[in-house]
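The values are calculated or read from the model by the stated rules, or taken from the named source; none is laboratory data. If you're wondering where the values come from, they're calculated on a predicted model, not measured in any experiment. Quick reminder, even Gly has a Cβ in these numbers, built from the backbone with ideal geometry, and neighbours come from all protein chains shown.
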Amino acid sequence: MVNLCITTQCKYFKLKLIMDDIVIIGGGIIGAASAYFLSKEGRKVKVIEQDPTYKKASFPLSLGGFRRQFFQKENILLGKFAREFIFQVPELLKTKKNPNPTTSVVPNGYLFLFGPDHANEQYEALKNHKECEAGTKNIKGTELRKKFPYVNDDGIETVTYTDDKKEGWIDPYLFHSALKNKASELGAQFIKGEIKDVSEINSNIIICAVGYNTNNLLKDVPVVPQKHTVFRVSCPDHIPEMPLTSDFTTGVYWRPEGKEYLAGSPISKFDVKDLEPDWDHFEDLVWPALAKRVPIFEKLKLTGGWAGFYDCNKLDNNAVVGKHPKFKNLYLASGFTGRGLMQAPGIARALTELINTGSYQSIDLSALAVERVLENRKKPEPYVL
Ligand SMILES: Cc1cc2nc3c(=O)[nH]c(=O)nc-3n(C[C@H](O)[C@H](O)[C@H](O)COP(=O)(O)OP(=O)(O)OC[C@H]3O[C@@H](n4cnc5c(N)ncnc54)[C@H](O)[C@@H]3O)c2cc1C
């Protein structure tokens, strides 16, 4: 048991009970971002992390992508704030020890390709983009090659993209370190420990931010590990300005990584414990899809790969955020299903507002409340890469 409970002090023969203010379970990207936002507002925060090397966490395995191209308005708005926050990291997260924090932003944009099966859904999504001023651009499939001459337009009906540094990717590890260091400077304590049951903690507020481990601590929340494989490939023809591209006709997505590329498998798996990459997906699915869509990829070579777990909300692939109604003081932030890195600043700010004022002040995330999951009310996000 982690020693976080009420401690007694017998000083001057008086009994003084000291209860922690806020305890965050899980020091991953959501835990670190929450520690930063809450500490900035003067709250006393302790973060309990089972593995300070973060070998078990999802965030270091992520592709670092941040985007505003989603279906649901909440996710578009969280994506907009992600960009705003990321570009301010050098100023907001500088510390005495690290006066020049960076996240190594590559603002190449995103390019989403839709065939006839997904086009109507995307036309609906574009209405939300417009309402939220997402700043995305939409063209017909037949116009694709004018803008992206290296992409084959075969079977593409509609295309959405950004080309003005609104979307891109960052180094997830640097982002996490910058948040954690700044939170520590502001007074947050990061402590090693594994919480087996939330009842072990005695504090005013508990935030459960344990990623894909959520269902182990909260049995009524269907957020579970979903294995995803990513391949690293090299190609003699390099296009460094290529955006993060997702081909919704095959489910394969890719982006440049230095002088190489990363490409994600369209097949994910539940109920597996190992993180051995599913290598067979490369020859069977990923390479053929890449070579068909970007002909220079016919010449690519596999150079590596890894697998990681998404914190998947099995109900609707959408986040679960807010106070858990069955506890008097427990808040939850999980179920990001492939977008927890980019959503961390917006979610952490939202939790801070909710805890400090009782309601959301910036982005209204009431539609992602824990109650919706407990009552089986779906709010699906279809644009999961
Ligand atoms: C291959 C891959 C690619 C991805 N690409 C992207 C992307 O491009 N963009 C994006 O935004 N997201 C991406 N993601 C998703 C993103 O990584 C996750 O949504 C995000 O990391 C979730 O953050 P988290 O803090 O909730 O969980 P984690 O990052 O997993 O952190 C949870 C922490 O809690 C700790 N913990 C767990 N249980 C306990 C316990 N009982 N007691 C104490 N500590 C505990 C863990 O050790 C861990 O450090 C990707 C994920 C993968 C696997």
* Asked: In region 209-218, what residues are within 14 Å of LEU330 (Cα to Cα) and more than 9 Å from the ligand (Cβ to nearest atom)?
  -> LEU218
* **ILE347 vs. criteria assigned by TED's automatic domain parsing to the domain that holds GLU121, of a type in the set (Val, Ile, Thr) and not in a strand (DSSP E or B)** => no
* Could you give every pair whose Cβ atoms fall below 6 Å, whose first residue belongs to region 53-72 and is at negative phi and hydrophobic (A, V, I, L, M, F, W, C), and whose second residue is near the ligand (Cβ under 6 Å from one of its atoms) and part of a loop (DSSP other than H, G, I, E, B), counting only separations of at least 6 or pairs across chains? -> ALA57/GLY28; PHE59/GLY28
* Single residue of LEU365, LEU354, LEU341 found to be touching a residue at least 60 places away in the same chain (Cβ under 8 Å) and more than 12 Å from the ligand (Cβ to nearest atom) -> LEU365
* To do: Please note which helices (runs of 4 or more DSSP H) are completely contained in region 3-96 and include at least 3 residues that are at pLDDT 95 or above and hydrophobic (A, V, I, L, M, F, W, C).
  => 29-40, 73-87
* Do we have any residue at all in region 296-315 that's of a type in the set (Gly, Ala, Ser), part of a loop (DSSP other than H, G, I, E, B) and under 28 Å from GLU74 (Cα atoms)? -> no
* Scan of region 232-246 for residues that are over 19 Å from the mean Cα position of the chain (by Cα) and within 16 Å of the ligand (Cβ to nearest atom), ordered by number -> ARG232, VAL233, MET242
* Flag if ARG43 is more than 15 Å from the ligand (Cβ to nearest atom) and surrounded by 20 or more Cβ atoms within 10 Å (Cβ to Cβ) -> yes
* Structure fact -> All conditions in (1) surrounded by 22 or more Cβ atoms within 10 Å (Cβ to Cβ); (2) over 27 Å from LEU111 (Cβ atoms) are true of TYR331 except (1)
* Test: residue in region 111-134 that is crowded, with 20+ Cβ neighbours inside 10 Å, touching a residue at least 24 places away in the same chain (Cβ under 8 Å) and on the phi > 0 side of the Ramachandran plot -> no
* **Total residues in region 179-208, condition more than 13 Å from the ligand (Cβ to nearest atom) and assigned to a strand (DSSP E or B)** => 4
* Of everything in region 47-80 that's of a type in the set (Phe, Trp, Tyr) and more than 9 Å from the ligand (Cβ to nearest atom), which residue is surrounded by the most Cβ atoms within 10 Å (Cβ to Cβ)? -> PHE70
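Quick grid of which residues meet (1) farther than 23 Å from ALA350 by Cα; (2) among the hydroxyl-bearing types (Ser, Thr, Tyr):
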residue	(1), (2)
GLY42	no, no
SER62	no, yes
ASN75	no, no
LYS80	no, no
LYS96	yes, no
PRO101	yes, no
ASN138	yes, no
* To do: Kindly indicate whether any position in region 266-288 is of a type in the set (Asp, Glu) and on the phi > 0 side of the Ramachandran plot.
  => yes
